[in-house]
Amino acid sequence: MQANSINVIGQIADLKDTDYKNTLAISTLIELLIEKNFFSREEFAHKALELENATVREISSLRRVQKLTV
């Protein structure tokens, strides 16, 4: 294995570690906010779905616009 390949593998491992820590931090914040009754788990799930659908719509819209301009 070349040094470059080892370097890339190391960078991927670092990214996975960072992603894990970020996910853990976000999950912890969500759980604390639910425990303190800022919002319910159902409200959170509903909002997440709403934002996901909005993102999908935005991506679809952008693709349509790009097809029209090409």
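None of the figures in this text is laboratory data; all of them are computed from the coordinates on show. Everything quoted here is computed from the prediction, not taken from an experiment. Cβ coordinates were reconstructed from backbone atoms using ideal geometry, including for glycine residues, and neighbour counts include every protein chain displayed.
Quick notes
- Each other residue within a Cβ distance under 13 Å of residue 33 adds +1 if Lys or Arg and -1 if Asp or Glu, for a net charge of 0.
- Over the chain: helical MRE at 222 nm, DSSP H runs n ≥ 4 each giving -39500 (n - 2.57), nearest 500: -32000 deg cm²/dmol
- Semi-axes of the equivalent ellipsoid of the chain are 32, 29, 6 Å, computed as sqrt(5λ) over the eigenvalues of the C-alpha gyration tensor in descending order.
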